[in-house]
Every structure is written in C-alpha cells, then in structure tokens.
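Below is one structure, written out as structure tokens, with a few remarks after it.
Rule-based calculations on the coordinates, nothing more; no lab input. In this text the structure is predicted, and so the values were computed from the model without any measurement. Every residue, glycine among them, receives a Cβ derived from its backbone with ideal geometry; neighbour counts consider all protein chains shown.
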Amino acid sequence: MHQQTSETFDRNAREALADVQLRGALRNLATTFGGRRKEAIATVEDWEGLRDRARAAKDETLAHLDKYLEQFVGNAEKAGAQIHWARDGAEACRIVLDLIRARGASRLVKSKSMATEEIHLNAALEAEGLAPVETDLGEWIIQLAHETPSHIVVPAIHKSKRQIAELFAEKVGIEPTDDVAVLTGAARRILRRSFAEAEVGISGVNFGVAETGTILILENEGNARLTTSLPRTHIAVMGIEKVIPKFTDLDVFLKLLPRSGTGQRLTAYQSLITGTKRRPEDEGPEELHLVLMDNGRSRMLSHPVTRQSLACIRCGACLNACPVYQQVGGHAYGSVYPGPIGAVITPQLSGLKQSAQLPYASSLCGACREVCPVKIDIPELLLHLRAEVTEGTAAGTAAQHGPVKSRPLERLAFGLYARAWSSPTLYLWGARVARLLQGAVVRKGRIGKVGGLLAKLAPPLAAWTEWRDAPPLAPRTFREQWREEQKR
Ligand code: SF4
C-alpha cells in the first residue's frame with residue numbers, strides 16, 4: 001500500500017472501498033453509535049436548547065479568547081500549575097521533551113489525546129530514544145500495530161476482533177484467542193506495570209475552566225486517571241480553544257459530549273484537576289505542566305467562518321454520521337483528524353496545498369451538522385474551503401497565494417452552464433441538443449458505466465458513472481408537457 005496522506009485522498013478512498021475487512025469493521029459504526037446516541041439524547045429534556053447553550057458558551061469564549069486564556073492561566077498558576085506556550089507543534093514537542101529531559105525521566109505513560117496526535121508527539125519522543133506507552137486500550141492496540149488512530153474517539157475502530165487477536169499473539173506473546181476478556185486481561189497486566197514504573201504522565205485536555213484553572217479529562221478506562229495521578233510529573237497538552245469560561249458550563253458540555261460521541265449518559269471517569277497536590281499525603285503529581293498550543297488556531301480564529309471550527313469538542317459524532325467516513329474509514333483522510341471535522345480542520349492546520357482534496361470528501365448532505373452538539377456548520381466550512389481551493393478568495397493561506405487549483409476548463413464549463421441556465425431560450429435549446437447527444441450513452445433507459453473513447457473525452461461524466469447510474473434527460477421537458485396539456 002502506498003503512503004497515505006491527505007494529498008492522496010482519492011486514491012486512499014478507492015483502496016479503502018476495496019478493503020473487505022475494513023468495510024466489515026466499519027459496518028456497524030452508524031447503527032451502533034448512531035442508535036446509542038439517539039437513545040441517550042432522548043434522556044435529555046431540551047436537547048436543542050442544550051446545543052444552543054454550548055454553542056453560545058463556545059462563541060463567547062472564542063470572541064474573547066485572550067481574556068479567558070489569561071484568566072485560565074492566572075488561576076491554574078495560583079493552583080500550582082506551570083504554564084508553557086507553544087506556537088506550533090514542533091515547539092510543543094520540544095517543550096515536552098525538555099521537561100522530560102530536565103527530570104532525567106525515561107519511563108513515560110500517555111493517555112489518549114488528539115492534541116498530541118496532532119503534533120506527532122510520540123514520533124518526536126521516539127526520535128530522541130524515548131518510548132512513551134499509550135495506555136488507552138484502543139491507542140495501545142494501534143501503537144502495537146505501528147498505525148495511527150482512524151477515529152477521534154475509537155482509535156482502533158478499523159480493526160476486527162480477529163486482527164486484534166493476531167496482533168496480541170504476535171506482539172504480546174499470548175496464545176491466539178478471540179476471547180475479549182483474555183485479551184483485555186493481558187493488556188491490563190502489561191499496562192499496570194507501565195503505570196507503576198512511570199516517571200512522567202502525558203495527557204490531553206477536554207476542557208480548561210477559566211474561572212478556576214481546572215482541567216477536565218474524560219475517559220472510560222481509568223487509564224487517564226492513573227496517567228495523571230501516579231507519576232510525579234504530569235504534562236498536559238491543550239489546544240488554546242479548549243478553555244471555557246465557567247465551571248457551570250461543564251454541566252452543559254458533560255451532558256452533550258458523551259451522549260454525542262459514544263451514546264453514554266456520562267463517561268465512566270471524569271478527572272477534574274486543579275493544580276498539583278497540596279500536601280505530601282495527597283494523591284496526585286508534584287508537578288503539573290500545561291502546554292498551551294496554538295498550532296494554527298489563531299489563524300482559524302481570525303475569520304468568522306473558520307472560527308467555528310474551534311468550537312469542536314472532539315466528540316466524533318460527525319464521523320459516525322458521515323456517509324463518506326462510513327465507507328472509507330479514517331486512514332483514507334491521511335490525517336489524525338478524519339471525517340467531516342477532519343476535512344475542515346486538516347486543511348487549516350497543515351495548509352490547503354497538502355490537503356486540497358479533503359474539502360471535497362463530502363456529499364454535503366448535512367448529516368454532520370445535524371448531529372454536531374455545538375452546531376458547527378461543517379457544510380458551510382467545506383464550501384468556504386472549496387472556494388479557497390478554486391478561487392483563493394476567502395481568508396487563509398490560499399487567499400495570499402491565489403487559487404490552489406487552477407482549472408480553466410472547469411471554469412469555462414461552469415461559465416457556459418451558468419449562462420445557458422440563466423437564459424430561457426438557451427436552456428430550451430441546450431436541453432434539446434443534450435437530449436439528442438445523450439443517445440450515444442443511454443443503455444436500457446440509464447446512463448451507466450461510461451467507458452472507452454467517451455471516458456477519455458468526458459472524464460467528469462465517466463467519473464460519475466463509474467460508481468452509479470445517471471438518469472437520462474426526460475424525452476420531454478416539464479414545460480413541453482405543460483404546453484401540450486394546455487393545448488388539450
Ligand atoms: S464537529 Fe461537532 S460532531 Fe464533529 S467532532 Fe466536533 S463537536 Fe463532534
């Protein structure tokens with residue numbers, strides 16, 4: 001298989017569609033998570049009102065992010081946390097590495113964190129001879145397999161039980177079995193040793209409360225709690241958009257996030273961490289380091305359309321609902337953020353040039369917008385980014401350098417199309433001519449797979465009919481039928 005990147009999305013997607021095992025693993029995604037989500041949100045009286053409140057809290061924060069960050073930092077420092085600012089991923093990795101080196105530490109445990117995936121922290125640490133151990137079961141599985149997560153919440157969703165059993169037999173040395181209790185038991189035994197020996201624990205952050213300087217980490221396995229409390233040093237990497245104004249805002253987000261993501265009323269563990277431990281006999285780390293990371297977020301903040309990307313609470317609901325993600329899975333996106341939210345965040349983080357295909361990885365059906373607990377208008381963002389790709393007119397990297405893709409023929413075709421469709425006479429004659437020409441491709445009343453010379457002459461049409469039939473133009477237009485009816 002070739003190296004999958006965002007630049008090769010089309011090719012990645014074709015390979016994913018041909019991967020029978022992957023299709024099997026993804027088959028239940030929509031029904032399982034979608035079904036559970038529906039049941040879970042039915043337990044909330046005013047779900048829509050809750051979504052509005054969450055979005056309002058996020059909008060308020062993003063409109064005054066500097067103020068809330070300052071407040072968060074002040075209160076976190078008062079509670080004993082040490083703050084580090086990182087302009088980009090490389091700087092964030094360097095800060096984490098320096099902190100580990102300064103403590104002479106080499107035994108590291110890590111809980112699941114999209115922020116650290118975003119900056120490829122594991123690779124940066126491994127390049128320096130360190131070996132961080134992922135402690136979330138799904139993350140541990142993909143670490144064993146030397147893969148990347150394929151879902152924001154369920155990182156190993158692309159793997160079948162049989163594949164995991166084979167992996168454990170090969171890497172952990174247990175007898176091959178598909179007994180889940182035996183597999184998880186083996187993982188628990190190994191990970192417990194890592195927890196007991198760890199000198200530094202690295203985590204992400206779900207929310208940072210400005211009012212108190214508290215960070216909140218949600219999880220289901222208890223591994224994040226062990227990661228953040230057993231080692232003497234805790235390093236938390238946090239995107240600057242994770243801050244929220246008040247402690248009471250958590251009431252809203254805690255109702256929304258687990259229900260939207262996994263269909264749970266609440267995750268099994270919610271760790272609220274305010275600074276370091278106060279007394280020697282208290283539990284918790286002696287040092288807490290918060291690495292506050294920008295990495296492109298200020299750029300997103302600067303435009304009213306792209307700003308809403310920062311409201312994302314990484315619940316994963318849009319992935320589960322997306323018909324494209326359901327078919328191709330996460331790796332096809334070639335980015336740590338897959339699915340609809342990945343299709344809008346990745347181009348903004350890594351640049352449109354590298355990921356110009358991603359804004360097109362959508363049918364614009366709007367399912368992502370429907371399920372998003374913070375009402376992010378992902379289709380609007382996708383269209384905004386498509387405009388950047390082709391026109392370079394919207395704000396962002398492309399605007400400064402002109403269009404990423406210049407497609408003169410496409411531009412000409414749509415120009416003619418717009419002209420024809422705005423003139424009744426041209427529209428009428430255009431339909432008549434098209435009706436005559438379509439005789440060359442209609443078979444049994446459908447326009448099916450178009451091959452041979454025609455495919456070479458008309459690649460856009462052939463690309464469409466490669467995977468589905470197109471209906472031919474009707475023998476008579478509605479106007480013609482109407483006129484005939486009037487005459488009768
Ligand atoms: S965009 Fe919305 S639905 Fe998708 S992960 Fe973010 S918060 Fe969840």
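What the table shows:
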| item | result |
| --- | --- |
| Using θ = phi - 60° and Karplus 6.51 cos²θ - 1.76 cosθ + 1.60, couplings along region 36-42 (whole Hz; Gly, Pro as x) | 5, 4, 4, 4, 5, 6, 5 |
| Magnitude of the charge dipole, region 221-349, Cβ model with Lys/Arg +1 and Asp/Glu -1, debye to 20 | 280 debye |
| Mean Cβ count within 10 Å, highest first, over the residues of peptides 409-416, 362-369 | 362-369, 409-416 |
| For residue 133, distant residues with modelled amide H under 5 Å away | 108, 109, 110 |
| Cβ crowding within 10 Å averaged over residues, with 95-105, 432-442, 249-259 ranked highest first | 249-259, 95-105, 432-442 |
| Per-residue ³J(HN,Hα) for region 91-107, Karplus 6.51 cos²θ - 1.76 cosθ + 1.60, θ = phi - 60°, Hz, x for Gly and Pro | 5, 4, 4, 5, 4, 4, 4, 4, 5, 5, 4, 4, 9, x, 8, 9, 9 |
| Which listed pairs, of 67/112; 242/375; 246/375; 110/159, have C-alpha distances above 25 Å, in listed order | 67/112 |
| With 5 Å bins from 0: P(r) over region 44-298, alpha-carbon pairs, percent | 1, 6, 13, 17, 19, 17, 13, 8, 5, 2, 0, 0 |
| Label point at residue 44 placed 7 Å out along Cα→Cβ; residues across region 200-227 whose backbone nitrogen lies under 18 Å | 206-208, 217-219 |
| Antiparallel content of DSSP bridges confined to the chain, in %, to 5 | 30 percent |
| Isolated Cys in the chain, by beta carbon distance under 4.7 Å | 93, 312, 315, 322, 365, 372 |
| Largest-first ellipsoid semi-axes for region 1-141, taking √(5λ) over the Cα gyration tensor eigenvalues, angstrom | 32, 29, 16 |
| Summed residue charge, Cβ within 10 Å of residue 200's Cβ, Lys/Arg positive, Asp/Glu negative | +2 |
| FRET efficiency estimate (nearest 0.05) - Cβ-Cβ, residue 286 to residue 370, R0 41 angstrom | 0.35 |
| About the Cα centre, charge dipole magnitude for the chain (Lys/Arg +1, Asp/Glu -1 at Cβ), debye | 2140 debye |
| Trypsin sites (Lys or Arg not before Pro) within region 1-56, DSSP loop, no more than 15 other Cβ atoms inside 10 Å | 27 |
| Low-density loop cleavage sites - GluC sites (Glu not before Pro) in region 131-228, where at most 16 other Cβ are within 10 Å (DSSP) | 147, 199, 211 |
| In order through region 415-422: 3J(HN,Hα) via Karplus (6.51 cos²θ - 1.76 cosθ + 1.60), integer Hz, x for Gly, Pro | x, 5, 4, 5, 5, 5, 7, 9 |
| Nearest-ten-degree value, helix 339-350 long axis tilted from longest Cα axis of the chain | 70 degrees |
| Separation of the residue 146 and residue 480 label points, Cα + 7 Å toward Cβ, nm | 6.3 nm |
| Mean separation of Cα contacts under 8 Å (6+ apart) over length of the chain, as relative contact order % | 19 percent |
| Long-range HN-HN contacts of residue 447 with modeled amide H, under 5 Å | 470 |
| Using a Förster distance of 45 Å, the FRET efficiency for residue 102-residue 180 (Cβ separation, nearest 0.05) | 0.65 |
| Over region 240-336: Rg over Rh, Cα atoms, Kirkwood Rh | 1.04 |
| Point-to-point label distance, residue 77-residue 21, nm (Cα→Cβ direction, 7 Å offset) | 5.2 nm |
| Förster radius 60 Å - calculated FRET efficiency between residue 8 and residue 488 (Cβ-Cβ, nearest 0.05) | 0.55 |
| Rg/Rg_globular for the chain, with Rg_globular taken as 2.2 N^0.38 Å and Rg from C-alpha atoms | 1.11 |
